[in-house]
């Protein structure tokens, strides 16, 4: 299996999907313990949730699981949230702080995984962002994520429904941030901007609004579209239909805003 799938569109938006993949190469799967093999930290069904919402959108999706290597972490393994609990480039624990490996990968294996999986994903993402920017004068990376709404190891209490990350308002034009925030707030659902989630490495790395590339991360609480947030992490058709309508509005209005951002 290829580490990345790309679906090219002719519009100004690139959807990044780094964490919905569940592929584990056999030798890596064999190194995981029973807890690790549940793949609990997957962004379950996010590719399905966003599929077909915006005609013309380009999608770049990692097929491998984040336990292989996390495509939304710095290749240098620098912490996104210094001083807070988080997971590393190749996670050694799950989101509950529990070990996931029977045989943890050493530095040489981490380097090999970075070359085989992390680099191809970001090479593809960069190629598409540059292609889109050349066509439109601007490119917008909308990074698609989800997470369980309650994970005491990572954050206190219950996570808001919509968690918008723009690297403390530095990764995109403020009009883009304000637009997404206003749509989410209008739903009556709970919303946070640059709260516990400020955007991962992709948002921070690619978001250069002064150079025509804008990046925003949407971290959805999985309670907004799953029947439950435990195995088997079943997709809820009714919840998802409502959420897809909202996400389609967000993406459509971002696309409409793109020409103004390119001026």
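Evaluate the following for residue 85: is it assigned to a loop (DSSP other than H, G, I, E, B), under 26 Å from residue 162 (Cβ atoms) and touching a helix residue (DSSP H, G or I) at 6+ places or on another chain (Cβ under 6 Å)?
In short, no.
Please determine whether any residue of the range 226-241 is crowded, with 19+ Cβ neighbours inside 10 Å, within 27 Å of residue 169 (Cβ to Cβ), touching a helix residue (DSSP H, G or I) at 6+ places or on another chain (Cβ under 9 Å) and touching a residue at least 12 places away in the same chain (Cβ under 8 Å).
no
Among the listed residues 153, 206, which satisfies the condition of being within 24 Å of residue 74 (Cβ to Cβ), surrounded by fewer than 20 Cβ atoms within 10 Å (Cβ to Cβ) and touching a residue at least 60 places away in the same chain (Cβ under 8 Å)?
Result of the check over 153, 206: 153.
State all residues of the range 173-186 that are surrounded by 15 or more Cβ atoms within 10 Å (Cβ to Cβ) and touching a residue at least 40 places away in the same chain (Cβ under 8 Å); if no residue qualifies, say none.
The answer is 173, 176, 179, 180, 183, 184.
Go through the range 1-20 and report how many residues are in contact with a strand residue (DSSP E or B) (Cβ under 8 Å, 6 or more places away or on another chain), more than 30 Å from residue 261 (Cβ to Cβ) and either part of a helix (DSSP H, G or I) or at pLDDT 95 or above (or both).
The total comes to 1.
Looking at 170, 256, which one is out of contact with any helix residue (DSSP H, G or I) (no Cβ under 6 Å at 6 or more places or on another chain) and either crowded, with 19+ Cβ neighbours inside 10 Å or closer than 24 Å to residue 154 by Cβ (or both)?
170
For residue 119, state whether it is closer than 26 Å to residue 164 by Cα, out of contact with any helix residue (DSSP H, G or I) (no Cβ under 9 Å at 6 or more places or on another chain) and buried (at least 17 other Cβ atoms within 10 Å of the Cβ).
No.
The values are calculated or read from the model by the stated rules, or taken from the named source; none is laboratory data. Nothing here was measured: the structure is a model prediction, and the numbers come from that model. Note: ideal-geometry Cβ built from the backbone for every residue, glycine included; neighbour counts use all protein chains shown.
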